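Asker: Below you will find the structure I want to go over with you.
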Amino acid sequence: MSQVLGVLQTVGYLALAVFLLMLMITIHEFGHYITAKILKFKIYEFSIGMGKPIYKKTKKNGEIFAIRMIPVGGYCSFGEDNTELPDTDPNSFNNKAPWKRLIVMFSGAFFNFLSAIIFAAILLTMMGYGRVANLGTHNYQNVIESVTSENVTLADILNQGDKIVDADGNHFELVYDTTSQNGTNRMLIESINGKKMNVFFTGASTILENSHEGDDVNLVITWKEQDGTGAIVIQKATVTLQNISMEQWEALSKSAYSLPYGDKIYHNVGGAMLKAIPFSFEIAGMIFKILGQLVTGQLGMNAIGGTVATVSVMGSTIGAAMAYSAEVFFSQILFLLTLISINLAVFNWLPIPSLDGARMVFVIIEWIRGKPINRELEAKIHTVGIICLLGFVVFADVFWVFNNISSCFLL
């Protein structure tokens, strides 16, 4: 019975993942649709999903709305690949001014990015933006061979060689009250080399990826201690760890995430919106960085996947979040929505045939030349592009599935 429930739970997580993915696709296509309506384009069909329609309605103006059987993809058709000549309808896509066509094609990804900012703002209102690294007691025996104690603190490692100085250049020692039960034995890193860690993807290891053994590392640290009256006060200091050893670099990069003292750094709606914009651009930058690493070969095929891989990873993330509080669950959902939205925006703006980015390139060329490239040739290029793209997605998914099955057998 428990196995059946487990399967049902997994199916539920995957169904929710598919729903979230289709929601983002719907927002994308709605961006195309609403701008086309505003600019008075002729619209043939607005469809969510692929394959045979399970719901279909034709409006009086001829527009078709459909929900299709396969919950993957969607489209808003303007007849842009129509090669029939002559096309005398002034509202048809190819007869509209180039700047209007650019707006319509740009809008799908723009709506995704705009929705990402909204989701990120809600996320940051719930969870805050900043996080800190915990310098608490951990077992680093398996990480650093020179350390054998199971209760060694990161402070012990960071203090190696008395190389920590404060902002004035004076010696500074990280001290713990390891017997305390009131939290005064916790010391936190707020920032490393002037960069604060954030809620999901900028951790100590990311910040330190351009640092090496022998470098100086600047830290802002905070801790609690008792003052003369016995009250707990929060202290903060800016220190420099000079000429780091490899053990110190390892200790810093593997510092565990923690929350600030009693403060999740919540934002009001206005503050969250202001943070959500750079937060979203930071995610976009991360995506471009990954794309660059794929192109240069720094990342292999095992780092990517298609629709199956995306849904599977989303389902696993949702399932893992269910084990925690409702706050953690909804924050993961919001983060997934933000991440997927920005992924769709970035990917669709790439100049790959059949995607919005490539179509925009053709319109820009037409605008510059004063006449379009042969419509039949453009349609063929986009057809070949979509076939190659779908083939790559299938290949990536097959490779991903095979790689994961192989890993399971190896384990």
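Asker: If we scan segment 237-251, do we find a residue that is surrounded by fewer than 18 Cβ atoms within 10 Å (Cβ to Cβ), of a type in the set (Gly, Ala, Ser), part of a strand (DSSP E or B) and at pLDDT 80 or above?
Answerer: From segment 237-251, those surrounded by fewer than 18 Cβ atoms within 10 Å (Cβ to Cβ) are 237-238, 240, 242-243, 246; that's our starting set.
Now restrict to residues that are of a type in the set (Gly, Ala, Ser): 237.
Retained after the next criterion (residues that are part of a strand (DSSP E or B)): 237.
Keeping just the survivors that are at pLDDT 80 or above gives 237.
Within segment 237-251 (the criterion being surrounded by fewer than 18 Cβ atoms within 10 Å (Cβ to Cβ), of a type in the set (Gly, Ala, Ser), part of a strand (DSSP E or B) and at pLDDT 80 or above), the answer is yes, since at least one residue qualifies.
Asker: Further question on the same structure: Which of the residues that make up segment 272-300 are at pLDDT below 75 and closer than 14 Å to residue 120 by Cβ?
Answerer: none
Asker: Could you tell me whether any residue of segment 351-360 is free of Cβ contacts under 8 Å to residues at least 12 places away in the same chain and of a type in the set (Val, Ile, Thr)?
Answerer: no
Asker: Would you mind stating whether residue 174 is at pLDDT 70 or above, closer than 30 Å to residue 281 by Cα and not polar (S, T, N, Q)? So that I can check it myself, show each step before the final result.
Answerer: Numbers: at pLDDT 70 or above: yes; closer than 30 Å to residue 281 by Cα: no; not polar (S, T, N, Q): yes.
When the stated conditions are applied, residue 174 does not pass them.
Asker: Is it true that residue 102 is over 24 Å from the mean Cα position of the chain (by Cα), within 30 Å of residue 373 (Cα to Cα), of a type in the set (A, V, I, L, M) and modelled with pLDDT of 90 or more?
Answerer: Working: over 24 Å from the mean Cα position of the chain (by Cα): yes; within 30 Å of residue 373 (Cα to Cα): yes; of a type in the set (A, V, I, L, M): yes; modelled with pLDDT of 90 or more: yes.
Here the answer is yes, as residue 102 does meet what is asked.
Asker: Further question: Looking at residue 393, is it assigned to a helix (DSSP H, G or I), touching a residue at least 24 places away in the same chain (Cβ under 8 Å), of a type outside the set (Phe, Trp, Tyr) and buried (at least 19 other Cβ atoms within 10 Å of the Cβ)? Reasoning before the result, please.
Answerer: Working: assigned to a helix (DSSP H, G or I): yes; touching a residue at least 24 places away in the same chain (Cβ under 8 Å): yes; of a type outside the set (Phe, Trp, Tyr): yes; buried (at least 19 other Cβ atoms within 10 Å of the Cβ): no.
When the stated conditions are applied, residue 393 does not pass them.
Asker: What's the number of the only condition in (1) out of contact with any helix residue (DSSP H, G or I) (no Cβ under 6 Å at 6 or more places or on another chain); (2) in contact (Cβ under 8 Å) with a residue 60 or more places away in the chain; (3) within 24 Å of residue 378 (Cα to Cα); (4) not assigned by TED's automatic domain parsing to the domain that holds residue 344 that residue 30 fails to meet?
Answerer: Unmet for residue 30, out of (1) out of contact with any helix residue (DSSP H, G or I) (no Cβ under 6 Å at 6 or more places or on another chain); (2) in contact (Cβ under 8 Å) with a residue 60 or more places away in the chain; (3) within 24 Å of residue 378 (Cα to Cα); (4) not assigned by TED's automatic domain parsing to the domain that holds residue 344: (3).
Asker: Of all residues in segment 46-65, count the ones that are of a type outside the set (Lys, Arg), in a strand (DSSP E or B) and surrounded by fewer than 18 Cβ atoms within 10 Å (Cβ to Cβ). Break it down stepwise before answering.
Answerer: From segment 46-65, those of a type outside the set (Lys, Arg) are 46-51, 53-55, 58, 61-65; that's our starting set.
From what's left, in a strand (DSSP E or B): 46-51, 53-55, 58, 64-65.
Checking the rest, the ones that are also surrounded by fewer than 18 Cβ atoms within 10 Å (Cβ to Cβ) come to 50-51, 53-55, 58, 64-65.
Counting residues in segment 46-65 that are of a type outside the set (Lys, Arg), in a strand (DSSP E or B) and surrounded by fewer than 18 Cβ atoms within 10 Å (Cβ to Cβ) gives 8.
Asker: With the condition kept exactly as written, say whether any residue in segment 369-377 is in a helix (DSSP H, G or I) and buried (at least 18 other Cβ atoms within 10 Å of the Cβ).
Answerer: Taking segment 369-377 and keeping what is in a helix (DSSP H, G or I), we get 369, 375-377.
From the residues that got through so far, the ones that are buried (at least 18 other Cβ atoms within 10 Å of the Cβ) too are none.
The answer is no; no qualifying residue exists.
The values are calculated or read from the model by the stated rules, or taken from the named source; none is laboratory data. What you see is a predicted model; the values in this text were computed from it and never measured. No Cβ is skipped: glycine too gets one built from the backbone with ideal geometry, and neighbour counts run over all protein chains shown.
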